[in-house]
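Right, one structure below, let's go through it.
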Amino acid sequence: MTDPAWTPLRAFTAARIGLGRSGASLGTAPLLEFRLAHARARDAVHHDLGAVPALEALGLPVVTVRSRAADRRTFLLRPDLGRALDDDAGPALAPHAGAHGLAVVVADGLSALAVERHAAPVLAALLPALRAGGWALAPLVVARQARVALGDAVARTLGAAAALVLIGERPGLSAPDSLGAYLTWAPAAGTTDADRNCVSNIRPDGLGYQEAAWKLAFLLDRMRAMGGSGVQLKDESDRAAALPDSVRQL
Amino acid sequence: MFRATVGGERHCFPSLAVLMAEATPLRSGDQLAGLAADSQARRVAAQWALADLPLTEFLTTAVVPYEADEVTRLIQDTHDAAAFAPVRHLTVGGFREWLLSDAATTEALAALAPGLIPEMVAATSKLCRLQDLMVAASRAQVVTRFRGTIGLPGRLSTRLQPNHPADDPRGIAASVLDGLLLGSGDACIGVNPATDSPERTHALLSLLDEVRQTLAIPTQTCVLAHVTTTMELMRRGSPVDLVFQSIAGTEAANAGFGITLSLLDEAHAAITERHPGLHAMYFETGQGSALSSGAHHGVDQQTLEARAYAVARCYRPLLVNTVVGFIGPEYLFDGKQITRAGLEDHFCGKLLGLPMGADVCYTNHAEADQDDADALLALLAAAGINFVMGVPGADDIMLGYQSTSFHDALAMRELLGRRPAPEFEAWLGEQGLLDQAGRVRPPGGPARLSQRFQSLLAAA
């Protein structure tokens, strides 16, 4: 049984404090609550990205690609393969190559669930701001068994100046469906994580869709203005005084 | 060139690094690096070849070049030939047998430690079964002291790890309270800050120090910020008990952590001046860190992990913690690989003379669950590990992985007859948290500590 004396302290943290106990061991309810959270996270890791009709409805052409990781097990064991496009991707992307400003890539990463639930709503909030901001958008690319750096290869193949990758984050016990967003200016073969900016924990109970779209529009605008991304680009969206019109609309 | 003829088949291994890598029990990180043996039979052939190698080979052949790497220079230049003398004549296989023999007493192992180098113990561990790793490590005792004494026979300590994703002081204090009531925190109370800024780190150091002083807890506190942050805060007068740093087994991997040996020298000098005569460094390690920063020099991840312990032992640490399953399945794929790695690390660290603890843990993309964590925790506790983690409900809500809980540590103490550090145990008794059998049984809710803690929470 869980002791009510802990209730006020739980307001301060989501940590599993004051758990019901028998002897030194956990009570049955907290035991099974933990197991359920882990089971949900595990299911999310192994969930295959299905069709996402809402992505088709955003008004951009959609191209589907895969990484060189043939299945989930390979994806987990070989991050290098998850960063490389498979042989079919080049011909699929080539007809869409052009002088694009931004390539948006939706990648399953470690939680396809996050992508299925949250990618389309975030983009629905973001795309009008990007269009208003004068971004020339490449076709939307949906990538399976994909790591963040796969977006670099996609952007290069499409001829885009920058990449925005929306990707399922590693599921935690508190949320199996957290979406991350990575921004990279001039992605190249040697691009590292230090060259990117990240907005994480996008989901209704974390960073909401509108707020995430706001941050991303702000960062993309600053990235384009300074011609760079990564550690040099600080996320000052929370206290930005002079916002461009395209961002202020949000 | 190293050769073995096994079952009528001849095998050649072009270098010591290749031989050690191919002799390593299978793990995903060595496969990712392209270093693993390509068949199980070849792996055993490599183990035969390794077993016949004289220990002295490791003193003349470096797996990472001496000229290219300051960790190699440290290992070779600080080797104690006199301490090594009793086992100098042995092969790797012979040394395994010596470790399991009645000659390998606690006293003999303590005297031998400065004579061993990481590559010797790593090679030996590759021949061992889990049982061997446990039996040999259980004979090595490494006792360290700050406010409490850690690593005494029959004791099992814990680091109370009260992390919070926003570093919220009240959230952290609430987790500290839960842990203290469940007898956790005798190794240290240590927070991983969500953001490594000096201001944030100072605030957390002050919070933990206030809690410790107000409740008169005979333990030590730590905020696991980068060593440069902690050094700056020491200069500014923050209440620093322990200097923390993540370390690895090559110069290049340490560069990836933003450290050099001279920086660690400087930090050690500063903390020793502040706490003379005490063990005041806290290091964390974990197999795979060198490969993940592209700094592995073609050496297998377990050998490199043991080399990190050579870095640690220069600085007389209070605590060395192998964070064994944190790195993910591309380095340690499943519970089996994590279990073996945890026992290897404990074995290698203890033989090299280090106060080893372990974060028995896994991520949600690894093939592991609480059953795997239970098994490794029990094996390590049986092998005499100095300390393990205590995380509320085993769920670290900041780092997003599963570790061991306050309850897990209590279960192991009761199952195996282990007790907390003596000073901390006495404090638990004074707080009324022990029953007549000496078991931690808080009398319901945040009862006894709550008055003082409520004022702390209000102040936070």
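Each of B:Pro153, B:Pro442, B:His164 was placed along the dipole of the protein assembly as shown (beta-carbon charges, centred on the mean Cα), and the one lying farthest toward the positive end is B:Pro442. List B:Arg418, B:Arg340 from most exposed to least, where exposure is judged by having the fewest other Cβ atoms within 10 Å. So the residues, fewest neighbours to most, are B:Arg418, B:Arg340.
So who's got an amide H within less than 5 Å of the one on B:Phe2, skipping anything under 5 residues away but keeping other chains? H placed 1.01 Å off N, in plane. Amide H neighbours of B:Phe2, under 5 Å, 5+ apart: B:Phe13, B:Ser15. In order along segment A:160-168, phi translates into HN-Hα couplings of 8, 6, 8, 10, 10, 10, 9, 9, x Hz, rounded to whole numbers, per the Karplus curve 6.51 cos²θ - 1.76 cosθ + 1.60 with θ = phi - 60° and x for Gly and Pro. Helix B:169-181 and the longest principal axis of the Cα set of chain B meet at an angle near 80°. Its DSSP H runs of at least 4 residues, each contributing -39,500 (n - 2.57), put the calculated 222 nm mean residue ellipticity of the protein assembly as shown at -12500 deg cm²/dmol, to the nearest 500.
Every pair of different Cα atoms in chain B enters the Kirkwood calculation, which places the hydrodynamic radius at 22.3 Å.
Full extension of the chain between B:Ala378 and B:Met1 yields a length gain of 131.7 nm, computed as 0.36 nm times the residue separation minus the alpha carbon distance. One way to sum up the overall shape of segment B:143-261 is the equivalent ellipsoid from its Cα gyration tensor, whose semi-axes run 23, 19, 13 Å, largest first. Is segment B:200-270 best put as rounded, prolate or oblate by its Cα gyration tensor, with a ≥ b ≥ c the root eigenvalues, rounded for a/c under 1.5, and otherwise prolate when a/b is larger than b/c, oblate when not? Since a/c reaches 1.5 and a/b is larger than b/c, the shape of segment B:200-270 is classed as prolate.
Classify the protein assembly as shown as rounded, prolate or oblate, taking a ≥ b ≥ c as the square roots of the eigenvalues of its Cα gyration tensor: rounded when a/c is under 1.5, otherwise prolate if a/b is larger than b/c and oblate if not. Don't skip to the answer; put the middle values down first.
Values: a/c = 1.83, a/b = 1.24, b/c = 1.48.
It is oblate, given that a/c is not under 1.5 and a/b is not larger than b/c.
Distance between the 7 Å Cα→Cβ label points at B:Asp52 and A:Lys234: 6.3 nm.
Extending each Cα 7 Å along its Cβ direction at B:Asp334 and A:Ala225, get the distance between those two points in nm, one decimal. Result for the modelled spin labels: 5.3 nm.
Any idea what angle helix A:112-132 forms with the longest principal axis of chain A, computed on alpha-carbon atoms, 0 to 90 degrees, nearest 10? Tilt of helix A:112-132: around 40 degrees.
Rg to Rh for segment A:12-142: what is it, with Cα atoms only and Rh by Kirkwood?
Radius of gyration over Kirkwood radius for segment A:12-142 works out to 1.13.
Amide H contacts for B:Arg419 (H built 1.01 Å from N in the peptide plane; partners 5 or more residues away or on another chain; cut-off under 5 Å): B:Arg155, B:Leu156. DSSP finds beta bridges in chain B, and of those with both partners inside it, around 30 percent are antiparallel. The alpha-carbon of B:Lys126 sits under 23 angstrom from the alpha-carbons of these lysines, leaving out residues fewer than 8 places away in its chain: B:Lys336, B:Lys350. Ordering B:Ala358, B:Ala194, A:Gly23 by Cα displacement along the dipole of the protein assembly as shown toward the positive end leaves A:Gly23 in first place; charges were set at the Cβ atoms of Lys, Arg (+1) and Asp, Glu (-1).
Taking other Cβ within 10 Å of each residue's Cβ, how do B:Ile271, B:Ile189 sort, fewest first? Write down the numbers at each step before the final one.
Details: B:Ile271 23, B:Ile189 29.
Fewest-to-most ranking of B:Ile271, B:Ile189: B:Ile271, B:Ile189.
Farthest toward the positive end of the dipole of the protein assembly as shown, out of A:Gly168, B:Ala4, B:Tyr331, is the Cα of A:Gly168, where the dipole comes from beta carbon charges about the Cα centre.
When Rg and the Kirkwood radius Rh are both evaluated on Cα atoms of chain A, their ratio Rg/Rh stands at 1.04.
Quote the charge dipole size of segment B:88-176 about the Cα centre in Debye, to the nearest 20; the model charges only the Cβ of Lys and Arg (+1) and of Asp and Glu (-1). Let's see the in-between values first.
Values: 10 positive and 7 negative charges, 31 e Å.
Roughly 160 debye for segment B:88-176.
Treat each spin label as a single point 7 Å out from the Cα along the C-beta direction, and report the B:Thr228 to B:Gln213 distance in nm. Going by the 7 Å Cα→Cβ label model, 3.0 nm.
Quick one: of the DSSP bridges fully inside segment A:53-248, what percent are antiparallel, nearest 5? Intermediate results must be reported in sequence, preceding the final value.
On the way: 13 of 29 bridges.
So the antiparallel bridges amount to about 45 percent of the total.
How large is the charge dipole for the protein assembly as shown, taken about the Cα centre, if only the Cβ atoms of Lys, Arg (+1) and Asp, Glu (-1) carry charge, to the nearest 20 debye? Can you show the working numbers first?
Details: 60 positive and 75 negative charges, 121 e Å.
My answer is approximately 580 debye.
Take each residue in A:23-32, count the other chain C-beta atoms within 10 Å of its C-beta, and the mean is 4.
Over all other residues within a Cβ to Cβ distance under 13 Å of B:Gly190, the charged ones net out to -4, with Lys and Arg as +1 and Asp and Glu as -1.
For the peptide B:157-170, the mean number of other protein chain Cβ atoms found within 10 angstrom of a residue's Cβ is 2.
Ranking B:Tyr401, B:Tyr362 by Cβ neighbours within 10 Å, fewest first, what do you get?
Details: B:Tyr401 23, B:Tyr362 26.
Result, fewest neighbours first: B:Tyr401, B:Tyr362.
Once you have a ≥ b ≥ c as the square roots of the Cα gyration tensor eigenvalues for segment B:278-387, tell me rounded if a/c is under 1.5, and otherwise prolate or oblate according to whether a/b is larger than b/c. Since a/c reaches 1.5 but b/c is at least a/b, the shape of segment B:278-387 is classed as oblate.
Taking amide H positions as placed in the peptide plane 1.01 Å from N, state which residues far from B:Tyr401 in sequence (5 or more) or on other chains have amide H under 5 Å from it. Placed amide hydrogens put B:Asp396 under 5 Å from B:Tyr401. Helix B:450-459 and the longest principal axis of the Cα set of chain B meet at an angle near 90°.
Values quoted throughout were computed directly from the atomic coordinates according to the rules given, and no laboratory measurement underlies them. Here the structure is a predicted model, which is why all the values come from computation and not from measurement. With ideal geometry, Cβ positions are generated from the backbone for all residues, glycine too; neighbour counts draw on all protein chains shown.
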